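Let me begin by presenting the structure, written as structure tokens, before commenting on it.
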Amino acid sequence: VKTAIVTLGAMGTVIVTAEEKAFVPARIVEARDTTGAGDIFSGSFLAALSQGYPMVEAVRYANDAASISVQRLGVFEAAPTRQEALALYESRG
């Protein structure tokens, strides 16, 4: 295994590679339904990587997308649009 990414729910995400160890905190939100949050994280992470984001930034983007989804009910209807996730990610400034 060359890279391990461990999601810790409301606490954030840990990334471990041979070169680095990083912790990316989650946004503080009021979760209504966590169903599908891991899938949202995974899909958003892979989408960000495919667009050239560095790994830590891809995790930040995925954390933000998942934080949107947990504030909504359901699975498919809770998934944020790319525009919603990107706006939240970019708001970190």
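Solvent exposure of the chain amounts to 61 Å² per residue of accessible area, where only protein heavy atoms count and the probe is 1.4 Å. Pull out a ≥ b ≥ c, the square roots of the eigenvalues of the alpha-carbon gyration tensor of the range 22-64, then state rounded if a/c is under 1.5, prolate if not and a/b is larger than b/c, and oblate in the remaining case. Because a/c hits 1.5 or more and a/b fails to exceed b/c, the range 22-64 counts as oblate. Computed on protein heavy atoms with a 1.4 Å probe, the accessible areas place Val59, Val16 in the order Val16, Val59, largest first. Label-to-label distance for Glu77 and Ala4 is 3.9 nm, based on points extended 7 Å past Cα in the beta-carbon direction. Taking the chain as a Gaussian network, Cα atoms linked when under 10 Å apart, which of Ala37, Ala47, Ala22 shows the biggest mean-square fluctuation? Its mean-square fluctuation being the largest, the pick is Ala22.
Considering helices alone, the calculated mean residue ellipticity of the chain at 222 nm is -13000 deg cm²/dmol, with DSSP H runs of length four and up weighted by -39500 (n - 2.57) and normalised per residue.
If you take every residue apart from Ser69 with its C-beta less than 12 Å away from the C-beta of Ser69, what net charge results, scoring Lys and Arg +1 and Asp and Glu -1?
Details: positive: Arg27, Arg32, Arg72; negative: Asp33, Asp39, Asp64, Glu77, Glu84.
Neighbour charge sum, excluding Ser69 itself: -2.
The values are calculated or read from the model by the stated rules, or taken from the named source; none is laboratory data. The structure presented is a predicted model; accordingly, all values stated were derived computationally and were not measured. For neighbour counting, all protein chains shown are included, and Cβ atoms are generated from backbone atoms with ideal geometry for every residue, glycine included. For accessibility, only protein heavy atoms count, side chains too; no ligands or nucleic acids. Shrake-Rupley method; radii C 1.70, N 1.55, O 1.52, S 1.80 Å.
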